[in-house]
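Written out below as structure tokens is the structure these notes cover.
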Amino acid sequence: MALIPTATYQAPDIPHREFHPGDGPHTTSGTTTQISDHVINAGGEDRDKPTPHKDTPMGNLRAQLTTLQDQLNVFLTERMKLDKQGKSNEQELERKILDEAEDEEED
């Protein structure tokens with residue numbers, strides 16, 4: 001029986017979120033773990049690029065973990081973007097409130 005890796009994320013606004021690598025195909029070449037397109041376009045080379053996985057239980061686990069890591073990285077990046085937007089919206093609202101308060105004081 002092959003074991004499937006999973007990951008769980010919890011936060012005050014998300015009580016429980018599970019991640020599973022799914023059926024595949026899985027590789028060790030993650031989409032979120034390689035060097036950035038900016039570096040590649042500047043002529044950079046990914047010297048830490050992983051080797052392909054072997055078709056063994058351990059090799060397949062390695063590839064599934066790469067898939068799981070990609071899922072987590074995408075999820076956390078989206079959360080950071082939403083959090084940043086939320087802070088921007090909060091800061092804009094706070095700025096409006098303070099501006100209105102200043103306008104009222106001037107009258």
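Taking the listed residues T32, T28, the one that is in contact with a Lys or Arg (Cβ under 8 Å, 6 or more places away or on another chain) and in contact (Cβ under 8 Å) with a residue 12 or more places away in the chain is T28, with no other qualifying.
Within region 51-73, the only residue that satisfies the criterion of being under 13 Å from P25 (Cα atoms), of a type in the set (D, E, K, R) and either part of a helix (DSSP H, G or I) or touching a His at 6+ places or on another chain (Cβ under 9 Å) (or both) is R62.
Within region 75-98, residues that are farther than 20 Å from F19 by Cα have Cβ atoms under 7 Å from residues that are of a type outside the set (A, V, I, L, M, F, W, C) and part of a helix (DSSP H, G or I) in no pair, counting only partners at least 6 apart in sequence or on another chain. Test P15 against the criterion of being closer than 26 Å to M80 by Cα, of a type outside the set (D, E, K, R) and in contact with a Leu (Cβ under 6 Å, 6 or more places away or on another chain), and give yes or no. Here the answer is no, as P15 does not meet what is asked. Return only the number of the condition from (1) assigned to a helix (DSSP H, G or I); (2) under 17 Å from the mean Cα position of the chain (by Cα) that T31 does not satisfy. Of the numbered conditions (1) assigned to a helix (DSSP H, G or I); (2) under 17 Å from the mean Cα position of the chain (by Cα), the odd one out for T31 is (1).
Looking at the structure I just gave you, is G44 surrounded by 12 or more Cβ atoms within 10 Å (Cβ to Cβ), under 22 Å from the mean Cα position of the chain (by Cα) and not in a helix (DSSP H, G or I)? For G44, the condition - surrounded by 12 or more Cβ atoms within 10 Å (Cβ to Cβ), under 22 Å from the mean Cα position of the chain (by Cα) and not in a helix (DSSP H, G or I) - is not met. For region 11-41, a residue qualifies if it is touching a strand residue (DSSP E or B) at 6+ places or on another chain (Cβ under 8 Å) and surrounded by fewer than 14 Cβ atoms within 10 Å (Cβ to Cβ), and the qualifying residues are H16, R17, E18. Please verify whether G86 is modelled with pLDDT under 85, among the small types (G, A, S) and out of contact with any Gly (no Cβ under 9 Å at 6 or more places or on another chain), treating the condition exactly as stated. In short, yes.
The values are calculated or read from the model by the stated rules, or taken from the named source; none is laboratory data. Everything numeric in this text was worked out from a predicted model, so none of it was measured. Positions of Cβ are backbone-derived with ideal geometry, glycine not excepted, and every protein chain shown enters the neighbour counts.
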